[in-house]
Amino acid sequence: MARTTPHHPTADDQPLYGKVATQLLAELHDGTIPPGERLPAERQLAEHFQVSRETVRQALEVLRRDGLVATDRRGSHATLSGLPVETPSSLTFPVGARSTDPTGFDRTTVTWETPPPEHAEALRIAPNRPTLVHRYASAAADGSGLRTAVTSFSAVALAEVEELARYRDRADGSASAQLRRAYDWMRQAGLTLHHRDAITQVANAPSVRVTRRVHDQYARPLEITDLVVEAQQDALIYEFTVPSAG
């Protein structure tokens, strides 16, 4: 009787949901989706991997069986060991915001308007298309230490983050709008935040400009902020939380 050779499954033999599970696990391991962070919705994962939602469900079930993903009332999240790439304390909205001084000046508003051209380009917004724009201003009682910031949000941020979208109907520039929890809302919507801060000297002025760009785990732009600080009067402090070695 002829002896048969055992058949070992290859990548080509692996079902589609298995391939998606493997790719998703790779993103969990490399920190694209940090431990403890809520995974994107099935619809978003289906678009990301270019498969059906049923395939995504099957892939998630594979990872659940292996204890790599858990599901609760908040949705599915990674359960690998280690800390998230960024903890809530590492980002403050808007960049440069400080605790309100009861004797000073602190004002925030939102409008629905065409963003500055450089913001539109960074957020991939078509020319003359409006979006949610947040403005922040803060100064000491004597007017020193002035900080002003303008933030524009992308269509992705407004589509994915329900709390931000609610501001469209009241974005007339008259009511106060702190939006201090903007980054928390983004995380709760399943977005992993990556940011880049660039600091430059303002031409012909004793001030510095900080430009923050934030995108998600799929490199989609979420917001851009331009902060101007009176450099002679104030100090700009950044705090970063570095994850422990995995």
Can you tell me how much longer the chain between ASP142 and SER52 gets when fully stretched, taken as 0.36 nm per residue apart minus their C-alpha distance, in nm with one decimal? 26.4 nm
Using mean Cβ contacts within 10 Å as the protection proxy, how do 183-196, 113-126 order, highest first? 183-196, 113-126
Using alpha-carbon positions, the gyration tensor of the range 109-225 gives root eigenvalues a ≥ b ≥ c; with a/c under 1.5 called rounded, otherwise prolate if a/b exceeds b/c, else oblate, the class is prolate
List every residue whose amide H lies under 5 Å from the amide H of LEU91, counting only residues 5 or more places away in sequence or on a different chain, with H placed 1.01 Å from N in the peptide plane. none
Accessible area in square angstrom per residue, the range 135-178, 1.4 angstrom probe: 48
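The values are calculated or read from the model by the stated rules, or taken from the named source; none is laboratory data. Nothing here was measured: the structure is a model prediction, and the numbers come from that model. Using ideal geometry, Cβ is built from the backbone for each residue, glycine included, and neighbour counts are taken over all protein chains shown. The accessibility values were calculated without ligands, DNA or RNA, using every heavy atom of the protein model including side chains. Shrake-Rupley method; radii C 1.70, N 1.55, O 1.52, S 1.80 Å.
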